[in-house]
2 protein chains.
Amino acid sequence: MDNVKALFKPRSVAVIGASGKPGKIGYAIMKNLIEYGYEGKIYAVNIKGGEIEISGRKFQVYKSILDVPDEVEMAVIVVPAKFVPQVVEECGKKGVKALPIISSGFGELGEEGKKVEEALVETAHKYGMRILGPNIFGVVYTPTRLNATFGPTDVLPGKLALVSQSGALGIALMGWTILEKVGLSALVSIGNKSDLDDADMLDYFENDENTGAILIYMEGVKDGRKFMETARRVSMKKPIIIIKAGRSERGAKAAASHTGSLAGADSIYSAAFKQSGVLRALTIGEAFDWARTLSNLPEAEGKNVVILTNGGGIGVMATDAAEEEGLYLYDNLEELKVFANHMPPFGSYKNPVDLTGMADAKAYEGAVRDALANPNMHAIAVLYCQTAVLDPRDLADIVIREYEASGKKKPIVVAIVGGIEAKEAIDVLNEKGIPAYPEPERAIKSLAALYKWSNWKKSKRV
Amino acid sequence: MDNVKALFKPRSVAVIGASGKPGKIGYAIMKNLIEYGYEGKIYAVNIKGGEIEISGRKFQVYKSILDVPDEVEMAVIVVPAKFVPQVVEECGKKGVKALPIISSGFGELGEEGKKVEEALVETAHKYGMRILGPNIFGVVYTPTRLNATFGPTDVLPGKLALVSQSGALGIALMGWTILEKVGLSALVSIGNKSDLDDADMLDYFENDENTGAILIYMEGVKDGRKFMETARRVSMKKPIIIIKAGRSERGAKAAASHTGSLAGADSIYSAAFKQSGVLRALTIGEAFDWARTLSNLPEAEGKNVVILTNGGGIGVMATDAAEEEGLYLYDNLEELKVFANHMPPFGSYKNPVDLTGMADAKAYEGAVRDALANPNMHAIAVLYCQTAVLDPRDLADIVIREYEASGKKKPIVVAIVGGIEAKEAIDVLNEKGIPAYPEPERAIKSLAALYKWSNWKKSKRV
């Protein structure tokens with residue numbers, strides 16, 4: 001069972017069905033392995049043999065994995081379905097540990113395919129191997145620079161483990177994380193879940209030192225009890241966010257016809273998620289918003305939230321969101337008074353702290369530093385409405401510098417409303433692991449998700 | 001009163017307080033007027049006289065507007081507050097029609113400033129002039145290529161009129177519209193509303209042939225009755241979206257301390273908005289999402305919505321959103337059967353129509369065309385999850401082509417989930433006035449906003 005590790009940290013990888021022809025999946029996976037910088041050994045296997053060149057690197061093509069002269073820990077299988085059983089058998093003989101099976105044409109086609117899957121798993125287990133899939137687009141683990149997918153290449157490293165049941169949506173989300181600067185530790189396409197399933201992934205990421213939070217796109221689970229028990233245990237350690245469509249009656253029906261999973265059971269999922277500490281996101285955007293905060297930030301040591309803003313309007317918007325989400329805005333005026341040092345006389349140090357439209361680099365620097373330093377201020381939301389006084393990119397630098405200097409001990413979220421410079425500032429912050437959003441409410445709701453998870457844990461500890 | 005027109009379609013503009021020095025507001029406004037391509041005459045006025053050069057164009061600087069040899073329809077005032085009364089008087093003598101007063105230092109400082117404002121308005125009205133502001137960042141009207149603001153230059157032309165009470169947030173939103181490809185007909189900073197207010201803007205845009213919808217960021221209204229009566233009348237013709245922060249108790253308190261407006265009256269606003277057909281958006285993102293659809297699309301001729309998708313998952317998400325928003329998914333299978341022509345046998349023509357992950361350009365082209373052609377399908381949501389089969393940018397081209405060929409008679413919204421190519425496709429669609437979003441729910445909710453407005457109108461017509 002420990003072989004799951006070989007999915008993420010294999011010392012060597014073979015691509016069975018490797019190809020030198022652009023457009024082929026066996027080419028795309030080789031290319032991603034090479035170009036994303038995987039440092040272990042890569043072997044090309046294809047019944048055709050010969051030699052191929054990919055991204056300037058030449059590979060001898062072994063006709064069988066049994067011909068590879070060294071140890072192979074992971075074998076990515078992309079051969080047509082009918083050849084997969086034999087290939088799995090050979091992998092077993094070779095001593096491979098983990099088998100992501102990209103090939104489709106199994107359980108998703110019906111009962112017969114399911115039986116073939118079962119046989120594959122039986123063979124694999126006989127040799128102690130674990131199967132991921134079949135019917136997947138692959139696996140990514142950024143700490144080992146492993147990109148064994150046929151999706152985009154340049155996944156941004158970070159602390160979120162992303163697991164997708166849907167292949168199509170999974171690849172689309174992979175692109176989304178790159179576009180939106182969501183840093184990933186891992187990306188796993190679990191497809192038909194013939195062997196490894198969501199619960200196994202939770203098991204692994206629970207103890208993965210590179211993962212801070214887990215986000216699952218789920219269409220259904222096979223073994224609900226196993227999943228929920230695992231989720232409940234893992235939630236005590238790391239936050240789990242789940243997107244599961246099919247909330248409405250018609251949505252559930254559509255889901256049933258799409259996945260063959262049981263319709264009408266959505267309320268059961270909801271209740272079970274809640275009990276297990278799982279945060280259920282209703283949209284993709286919400287899920288990634290929360291994930292930015294949950295994967296990167298420490299928990300708050302108390303309930304006192306401080307909002308710093310240069311715009312009255314966005315301060316009010318953030319306050320509305322905070323109240324609706326049940327966040328507590330710190331209101332000890334004696335302590336908040338410290339912010340009066342960083343604003344003109346017509347500013348307001350009542351929380352939300354309005355540094356006014358005149359707030360410049362110095363004002364934000366001072367206010368952010370004071371908020372980070374005060375032990376009674378447990379979480380901070382920095383809001384900025386783009387003005388001519390302070391370039392948003394400079395604000396980003398200030399927040400990054402102050403947060404790093406403070407030792408990153410409390411949660412801080414940022415919202416910057418504005419144009420292209422604001423977007424750049426948001427990207428820089430996100431790349432540095434400081435969750436930043438283009439709207440105040442999204443920052444506040446993400447902070448609230450962190451509090452919800454924390455509070456659930458506390459409720460279980462008593 | 002007809003002089004409001006001169007704010008948007010002036011035949012000539014003077015900048016009083018024009019400057020040749022970068023960094024000055026009087027420079028930024030001249031520069032935007034020139035670089036955005038305003039084709040009327042531009043005059044520079046500054047007590048210092050002389051000559052200035054901006055963006056390669058030389059301007060004689062008149063010491064007073066009275067020295068300008070031609071007619072001036074609009075004068076943008078950027079001189080310090082203490083000189084404004086005299087300048088307004090001179091503008092009156094000159095026969096100017098519209099006066100955006102950028103200068104601050106009036107009513108926002110307190111009672112004394114308010115009195116000065118009142119005197120300014122009295123002077124203006126004596127000469128038949130209308131004042132916008134003071135304490136504003138200016139005005140944009142894209143059909144006349146007029147950008148008389150000190151905000152960003154390249155506003156994207158479109159059909160949304162955007163009105164902001166907050167200057168700081170207004171400029172930030174101006175940048176946002178550029179970044180997010182929201183096309184504007186007009187952008188108005190109304191500041192202190194000493195003369196022209198939100199209701200006057202509604203009056204104007206009601207009959208403006210270039211405006212399809214109006215979006216107002218509001219902190220409070222002075223004359224609630226006037227505003228609501230106007231909004232109710234205008235809503236019968238064009239949709240109005242309002243963002244008004246201060247929903248929660250603490251938010252309302254923060255708003256009160258920020259704007260001096262009455263706290264606790266939020267539920268009254270909500271009720272009045274509803275009665276007036278105004279769509280209240282809770283966040284900036286939601287407001288612009290709706291605005292894309294409401295400003296660009298015709299109303300649906302009936303309730304039947306059809307969802308086309310290549311991904312089961314996003315189809316289910318969209319269905320959930322549709323049900324929650326009260327949209328009706330067309331379910332006449334006899335008619336929906338036409339989509340079977342554009343999918344493999346394992347697709348589903350039940351609504352949401354699942355063209356499957358194999359859907360290519362031909363499949364989408366056929367399905368979109370059939371949906372547009374069928375008179376029983378009243379509104380269409382096209383969803384696409386980025387795959388290797390079809391470049392999202394090609395999908396965008398298909399939708400643009402088919403929609404234009406159909407005569408744009410029914411509403412169509414698009415959602416594309418994916419990476420950088422998806423983002424580019426979304427931008428292209430939005431630039432062409434076809435509302436496109438990166439998430440299925442946002443497309444569906446925007447379509448629902450269009451239906452809400454339509455249904456409100458219908459309820460008033462009986």
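The values are calculated or read from the model by the stated rules, or taken from the named source; none is laboratory data. A quick note: this is a predicted structure, and the numbers were derived from the prediction, not measured. Glycine gets a Cβ as well: all are built from the backbone with ideal geometry, and neighbour counts include every protein chain shown. The area values use the complete protein model at the heavy-atom level, side chains included, leaving out ligands, DNA and RNA. Shrake-Rupley method; radii C 1.70, N 1.55, O 1.52, S 1.80 Å.
Any residue in region B:234-244 that is within 14 Å of another protein chain (Cβ to nearest Cβ), within 30 Å of B:F106 (Cβ to Cβ) and modelled with pLDDT under 90?
Among the residues of region B:234-244, not one is within 14 Å of another protein chain (Cβ to nearest Cβ), within 30 Å of B:F106 (Cβ to Cβ) and modelled with pLDDT under 90, which makes the answer no.
List pairs: first residue in region A:376-398 and within 19 Å of A:G433 (Cβ to Cβ) and touching a residue at least 12 places away in the same chain (Cβ under 8 Å), second residue polar (S, T, N, Q) and outside any strand (DSSP E or B) anywhere in the structure, Cβ distance under 7 angstrom, at least six positions apart or on different chains.
From residues that are within 19 Å of A:G433 (Cβ to Cβ) and touching a residue at least 12 places away in the same chain (Cβ under 8 Å), the pairs are A:Y384/A:N310; A:P392/A:Q386.
Report yes if some residue within region A:291-300 is touching a His at 6+ places or on another chain (Cβ under 9 Å) and either at pLDDT 95 or above or acidic (D, E) (or both); otherwise report no.
Yes; the residues of region A:291-300 include at least one that is touching a His at 6+ places or on another chain (Cβ under 9 Å) and either at pLDDT 95 or above or acidic (D, E) (or both).
Scan region B:406-421 and tell me whether some residue there is open to solvent by 10 Å² or more (accessible area, probe 1.4 Å), touching a strand residue (DSSP E or B) at 6+ places or on another chain (Cβ under 7 Å) and more than 14 Å from chain A (Cβ to nearest Cβ).
Scanning region B:406-421 turns up at least one residue that is open to solvent by 10 Å² or more (accessible area, probe 1.4 Å), touching a strand residue (DSSP E or B) at 6+ places or on another chain (Cβ under 7 Å) and more than 14 Å from chain A (Cβ to nearest Cβ).
Tell me, please, whether a residue that is within 14 Å of chain A (Cβ to nearest Cβ) and open to solvent by 10 Å² or more (accessible area, probe 1.4 Å) can be found in region B:376-387.
Yes - at least one qualifying residue is present in region B:376-387.
Going residue by residue through region B:110-128, is there one that turns out to be assigned by TED's automatic domain parsing to the domain that holds B:K24, buried (at least 23 other Cβ atoms within 10 Å of the Cβ) and touching a strand residue (DSSP E or B) at 6+ places or on another chain (Cβ under 7 Å)?
Yes, there is a match, as at least one residue in region B:110-128 is assigned by TED's automatic domain parsing to the domain that holds B:K24, buried (at least 23 other Cβ atoms within 10 Å of the Cβ) and touching a strand residue (DSSP E or B) at 6+ places or on another chain (Cβ under 7 Å).
For every residue, the table says whether it meets (1) over 25 Å from A:K97 (Cα atoms); (2) touching a Ser or Thr at 6+ places or on another chain (Cβ under 8 Å).
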{"position": "A:G138", "(1), (2)": "no, yes"}
{"position": "A:Y141", "(1), (2)": "no, yes"}
{"position": "A:G158", "(1), (2)": "yes, yes"}
{"position": "A:A172", "(1), (2)": "yes, yes"}
{"position": "A:W176", "(1), (2)": "yes, no"}
{"position": "A:K181", "(1), (2)": "yes, no"}
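Residues to consider are B:K63, B:K48, B:K41, B:K58; find the one that is without any contact (Cβ under 8 Å) to a residue 12 or more places away in the chain and either more than 21 Å from B:P10 (Cβ to Cβ) or touching a strand residue (DSSP E or B) at 6+ places or on another chain (Cβ under 7 Å) (or both).
B:K58
Applying the selection to region B:153-162, what residues are open to solvent by less than 10 Å² (accessible area, probe 1.4 Å) and under 10 Å from the mean Cα position of the chain (by Cα)?
B:L160, B:A161, B:L162
Here is a list: A:E286, A:E334, A:E249. Which entry is assigned by TED's automatic domain parsing to the domain that holds A:N192, within 30 Å of A:E404 (Cβ to Cβ) and open to solvent by 50 Å² or more (accessible area, probe 1.4 Å)?
Just one listed residue meets the conditions, A:E286.
Among the residues in region A:343-350, are any in contact (Cβ under 8 Å) with a residue 60 or more places away in the chain, touching a strand residue (DSSP E or B) at 6+ places or on another chain (Cβ under 9 Å) and either among the hydroxyl-bearing types (S, T, Y) or assigned by TED's automatic domain parsing to the domain that holds A:K303 (or both)?
no
In region A:284-311, how many residues are within 11 Å of chain B (Cβ to nearest Cβ) and assigned to a loop (DSSP other than H, G, I, E, B)?
2
In region A:355-366, how many are within 10 Å of chain B (Cβ to nearest Cβ) and either under 34 Å from the mean Cα position of the chain (by Cα) or of a type in the set (V, I, T) (or both)?
1
Tell me, which residue of region A:290-324 that is in contact with a Phe, Trp or Tyr (Cβ under 9 Å, 6 or more places away or on another chain) and open to solvent by 50 Å² or more (accessible area, probe 1.4 Å) is farthest from A:L355 (Cα to Cα)?
Within region A:290-324, the match that is farthest from A:L355 (Cα to Cα) is A:E299.
State which residue is surrounded by the fewest Cβ atoms within 10 Å (Cβ to Cβ) when the search covers only region B:217-243 and only residues that are closer than 14 Å to B:S276 by Cα and among the hydrophobic types (A, V, I, L, M, F, W, C).
Among those residues, the one meeting the criterion is B:M236.
Taking the conditions exactly as written (within 27 Å of the chain's Cα centre (by Cα) and closer than 22 Å to B:T319 by Cα), does B:A381 satisfy them or not?
yes
For region B:163-209, enumerate the residues that are open to solvent by less than 10 Å² (accessible area, probe 1.4 Å), among the hydrophobic types (A, V, I, L, M, F, W, C) and either within 14 Å of chain A (Cβ to nearest Cβ) or touching a Pro at 6+ places or on another chain (Cβ under 7 Å) (or both).
B:V163, B:L169, B:A172, B:L173, B:M174, B:V182, B:L184, B:L187, B:I190
Mind counting the residues in region B:185-201 that are aliphatic (A, V, I, L, M) and touching a Lys or Arg at 6+ places or on another chain (Cβ under 8 Å)?
2
Scanning for something in contact with a strand residue (DSSP E or B) (Cβ under 8 Å, 6 or more places away or on another chain), over 30 Å from B:L329 (Cα atoms) and more than 13 Å from chain B (Cβ to nearest Cβ), does region A:315-323 turn up at least one residue?
No, region A:315-323 contains no residue that is in contact with a strand residue (DSSP E or B) (Cβ under 8 Å, 6 or more places away or on another chain), over 30 Å from B:L329 (Cα atoms) and more than 13 Å from chain B (Cβ to nearest Cβ).
Restricted to region A:431-445, and to residues that are basic (K, R) and assigned to a helix (DSSP H, G or I), which residue is nearest to the other protein chains (Cβ to nearest Cβ)?
Filtering region A:431-445 for residues that are basic (K, R) and assigned to a helix (DSSP H, G or I), the one nearest to the other protein chains (Cβ to nearest Cβ) comes out as A:R442.
Can A:F150 be described as open to solvent by 10 Å² or more (accessible area, probe 1.4 Å) and within 11 Å of chain B (Cβ to nearest Cβ)?
yes
Restricting attention to region B:57-69, does a residue exist that is over 26 Å from B:K93 (Cβ atoms), open to solvent by less than 30 Å² (accessible area, probe 1.4 Å), aliphatic (A, V, I, L, M) and assigned by TED's automatic domain parsing to the domain that holds B:S12?
no
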